[in-house]
Every structure is written in structure tokens, then in C-alpha cells.
Amino acid sequence: MDTRKYDVVVVGGGSAGIAAAVAAARNGAKTCLVEAGPMIGGELLTGMTIDGALNARGEWVVGGVVNDLLKECREMGGFIERLNDFRLIQYVAYDPEILKIAIAQVVYDCGVDVLLYTFADDVVKSGDRIEGVVVRNKNGRTLLSAKIFIDCSGDADLCLMGGAQMLPHDDDGPPQPVSMMFRMAGVENQPLLSFVRDHPEYLAVGESETIRAGRTDAQLAQAIYDQGQPCIFLKGDGPFLAPAIERGELHRTALIMMQPTSAARKEVCINTTRVSLSDPTRPEALSAALRSLVGQVRQCASFLQKNVPGFENASLSGLAPRVGIRETRRIVGDYVLTRDDVFEARKRDDGVAKGCHHIDIHQDGTGQIRIPVRDGGSYDIPIGSLLPKGLANVAVAGRCLSADRAAHGSARVMGGCMAMGQAAGTLAALAVNQNHRAEMRAVGIMRLRGVLRDQGAVLDGVA
Ligand SMILES: Cc1cc2nc3c(=O)[nH]c(=O)nc-3n(C[C@H](O)[C@H](O)[C@H](O)COP(=O)(O)OP(=O)(O)OC[C@H]3O[C@@H](n4cnc5c(N)ncnc54)[C@H](O)[C@@H]3O)c2cc1C
């Protein structure tokens, strides 16, 4: 088998993986990023907004790599702006086609070796260390050896292959449903915004006191109108969607959420479809779900064209490149982030990233749990949530972090995933530079936090 040697190998090129690879390479580690698909960026490429980068009060809680990506995107005219749906959160909207270019630019510019079309298939282990990951692609099998491995596969594939423990799935319902994001172009803003301003009862707005700030639903609908962007959350149990679901004109859903992706194309990204699976890591189940999901896309697009002002001449313009997976495996780390950590906006001396998204658990059919972080603030994600117990030279970042189910429902969004990725990649490089065996747990937390701060990460304050 061919062998290649690196300091750091990152498995998975989604939001966490790109940030991890960039951070490791920038801090001097020879880094390889392995991605099973044909493109890097993961869910960042579907058009959904970046949640978890701004808290509900509008303060940035994530910096560093995310800023570099948005800067590139802005230079190419693909950064829309920070927006508020006046429901629970503030978020960042951008053009995903332009972000594809920005991501590739930033990742390649810092010298990461990117290996697309390549699946991490097995590991070679010695004691509590992974010595190499066996990857498979059209060349056959290759052994990538490294001092440190970062699992950003979303599904904790590497940790599982390395024998790490996974947290049990609680018995409060199946994993969050899988979805197919899609985009529609040619949407006329003015009639759409007038429609929502005139029907506040159709919307989910003011679900946290911070966002509501004493305003009525009508005033919040007016604020959406005044913002001038198609930033709209139609609620599944409201008087507009519920009867349509009842009549069978629309699939059963908690929401039709639309967010802008391009003013030039008059385009919005739509989050609404859902299929509940008992285990979204199973390819057979995911493959079968695709059929229902594309049916829902078709039905929803037609529903919008017939019933929502502004969509009369709109057309489907993009489909996510894959079925979107919200929730699968979570590792058992040195620390398990808890619901109370999130809800209470807890700060910690060993925090290496921040989260601020509400506890957001999509359920089957029309259900969705949404619990805001206290006072619209942020909480700290400690380094221990990124270090799997029992593996000395592996870190994780992204949605497979060590967190209970509720905390995962918050930390899984892309702002936090990128912040975790930056933390894991920086830690890996510091460990490689610091000692022969690259002991990550021997890197001082103050040193790690210092380097992260110097490189733009937000670690302090933000309520
Ligand atoms: C439908 C949907 C809507 C969402 N809405 C939002 C939103 O509006 N805003 C927001 O911020 N977040 C949203 N989220 C959550 C967020 O997008 C994800 O939780 C986040 O992107 C996860 O990032 P990640 O890097 O951990 O994993 P992923 O983005 O899943 O990336 C993992 C990558 O690893 C690769 N990979 C997996 N296994 C292997 C392997 N064995 N070998 C090689 N490569 C591998 C995959 O191909 C993939 O590219 C949504 C998620 C979904 C599914």
C-alpha cells in the first residue's frame, strides 16, 4: 500500500474540516484534508445561512477562519450581510456559489493538501494512538500516516474506527430528520415582504425576549419588511401552512424558512423538507429518503408559486448536492457539553470556541424544539468536548462533538463548527510543534487560547 506522511490529517471537508485544516496548516503543520465528495465546504454550499456566528444580541461570537472566508466572499460580491429573522437568532447570508470559490481559495492558499473523492476507510492503531488512516479512492488504498488526526466527518467515522465510545442516543425521539435544501430564483422581494408584513400570524417571530424586545408580532413583521431581505420563517402550525398540510398540498413540516442567497438572481434558499430516519448513517436509508425529499421539493416549489406573492414567476434554481444530515454520532469526550451549559450561557477557563444558537431540535412532522440561550448570549465549548476519551492523538470538530443531545442541538450549526475546527486544528499544530509525540493534552490551555485569540477567534465575553 502507498504511504504518505503528514503532521496532521483531517477527515471530512465540511465547515469544521476546512477550518481545522486551515488552522493546522497556518500554524506550521503539514496538513492533508480528506473529503469523500467532489467539493469542499459541506453544508456551507447549500445556501443556508451561517448560524451561531452572531448571538441574538447581534454580537459576533466567532472569528478567525470564518472571517477570512467572508472577506473573500465579500470581495467577489457574494457576501449578503448579517440578518435578523426577528424570531430567535441573527445570522450571516451569502451566495453559496461564490463561497465555493472562497473556500477553495482560502484552503489551497495556506498550503493544505486536499484529497477529494477519497473515503477514510480504516485505521492502523497502536495502543491508544492512531498511526495512520487507510483511505480508498480510484487509486486503490493509501495509508496516510500522521502525528495527529482530526475527525470532522460529521459521523465520527474515524473515532468509531479507532474504537472510541459514542454517547447513547437518548430515548426522546428519533434523530433529527434529514432534509434536502433547495433554492428558487426570480423571487420578487416587494410583494413577498408586503405579504408577510400583512400576515404576522403566518410567521414565527419574537420567540426570545431578546429578539422581541417588547414588540408585538405586527411590529416584528414590519421589522422584517423594513430589513428588505427575504428572511422569513413561515410556521408549520400557523394558519397559512397548517391547512395546506391538512389538505395534502404540502408535506408535513414545522417550517418553510427562506433566506437570501443572491440579489442578482433574486434567489432564496428554502429549508422545509424532512424525512425521519432511525439511523442516518445508513446509506440504504439515505438513498431511499432521496425519493421522498425530491418529491417534497417539487410539491413545496409548486405550493409557493401558487400561493405566495412574489413566487409567481420563480423557478427552482438549485438543489443541495446531497441529503442533509443533522444528527448522527456524538463522541464521549473528556467533557460532555450539557443542555445547562448552553441554556445558562456558561463561560469557562478552558473554552476554545463559542456557541450561541438556540437548542434547535427538528422533529418528525410539524415539531421543532427551540429553546433560546439565556439573555441572547453565548456559551463556551471547552477543549474537552473535542478530545475523545481513549484516543491520545485524535481530536474532533463539528457536529460529532461530545455533547448531550440538547447541547448538540445548539452547537451543531456552522458558526460553531468552524470555531471548533479552528480550535482543533490549532491545537494539533501546537502539539506537533511542541513535542516529539505530539501530545495534545500536554499543550497548555492558556497557550492554545492565546494563539486562537491572536488569530481572530472570539473567546472572551459576549454576554
Ligand atoms: C438540512 C439542514 C439544515 C441546516 N440548517 C443550518 C443553518 O441554516 N445554519 C447553520 O449554521 N447550520 C445548519 N445546519 C447544521 C449544519 O449545516 C451542520 O451541522 C454542519 O454543517 C456540520 O458540519 P461538519 O463539518 O461537522 O459536518 P459536515 O458538513 O456533515 O461535513 C462532513 C464532511 O465529511 C465528509 N466525510 C464524512 N465521512 C467521511 C469519510 N469517512 N471519509 C472522508 N470524508 C468523509 C463528508 O462528505 C462531508 O463533506 C443544517 C443542517 C442540515 C442537514
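Quick check: the angle from helix 414-434's long axis to the longest principal axis of the chain, C-alpha only, nearest 10 degrees?
With rounding to tens, the tilt is 10 degrees.
How high is the relative contact order of the range 182-319, in percent, with contacts defined as C-alpha pairs under 8 Å that are six or more residues apart?
The normalised contact order for the range 182-319 reaches 35 percent.
Tell me, what is a quarter of the convex hull surface for the C-alpha atoms of the chain, in nm² with one decimal?
Computing the convex hull of the Cα atoms and averaging its projections yields 19.9 nm².
Distance in nm between label sites at Phe119 and Gln305, each 7 Å beyond Cα in the beta-carbon direction?
Spacing of the two 7 Å Cα→Cβ label points: 3.6 nm.
Is there a pair in Lys100/Lys125; Lys235/Lys389; Lys235/Lys266 whose C-alpha atoms are over 32 Å apart, and which pairs would that be?
In this structure, Lys100/Lys125; Lys235/Lys389 exceed 32 Å between Cα atoms.
What size of dipole, in debye to the nearest 20, comes out for the chain about its Cα centre when the only charges are +1 on Lys and Arg C-beta atoms and -1 on Asp and Glu C-beta atoms? Don't skip to the answer; put the middle values down first.
Numbers: 50 positive and 54 negative charges, 143 e Å.
So the magnitude is around 680 debye.
Which value, in debye to the nearest 20, gives the size of the charge dipole of the range 251-367 about its Cα centre, when Lys and Arg are +1 and Asp and Glu are -1 at the Cβ?
Roughly 420 debye for the range 251-367.
Could you work out how far helix 15-26 tilts from the main Cα principal axis of the chain, as a 0 to 90 degree angle to the nearest 10?
Compared with the principal axis, the helix lies near 40 degrees.
Against the longest alpha carbon principal axis of the chain, how many degrees, from 0 to 90 and to the nearest 10, is the axis of helix 96-109 turned?
20 degrees
Taking the Cβ-Cβ separation of Glu59 and Met1 as r and a Förster radius of 51 Å, what is the calculated FRET efficiency to the nearest 0.05?
Computed FRET efficiency for Glu59 and Met1: 0.55.
Read-outs: derived from the displayed coordinates by stated rules, not from any lab. Quantities reported herein were computed from a predicted structural model and do not represent experimental measurements. With ideal geometry, Cβ positions are generated from the backbone for all residues, glycine too; neighbour counts draw on all protein chains shown.
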